[in-house]
Amino acid sequence: MFDRVRARAVAAGLAIATTALVSGCVVTVTSGEQPKTEVSCPGRVVVVTLTNTSASDHRYTATVDVGHDGMQEDFLLSSELVRAGATTELREKILTEEPITCRLKGVQTFPG
């Protein structure tokens, strides 16, 4: 009885994920060891510093919530391959004359 319920729940979850992918939505899956991360927004530039703390090379995508001109907007900043133990800096200039705020929402890791 419980096996059938569990199988139906798994099937429903797969159906939802497949529908989301086909419709253009992104399903976020956390993978890999998280890097050491620092975020700042001097002037009107978002700066994300990532240090690969894993023993293997990775690529990263950081999602940063940026406040500017009375609104909040998510920015995705992606890295090239970051060697084990190495550090990379990602930058994004925000086109505004107003001060900005920034907050890290998350980092996806992709073994490379």
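Please treat every number below as a calculation from the coordinates, not as lab data. None of these values were measured; they are calculated from a predicted model. Please note: Cβ atoms are built from the backbone with ideal geometry, for glycine as well, and neighbour counts cover all protein chains shown.
Figures for the structure shown
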{"read-out": "Pair residue 57, residue 33: separation of 7 Å Cα→Cβ label points (nm)", "value": "1.7"}
{"read-out": "In nm, spacing of pseudo-spin labels at residue 74 and residue 87 (7 Å Cα→C-beta vector)", "value": "2.8"}
{"read-out": "Restricting the range 49-112 to trypsin sites (Lys or Arg not before Pro) in coil, as DSSP defines it, with at most 15 other Cβ within 10 Å", "value": "83"}
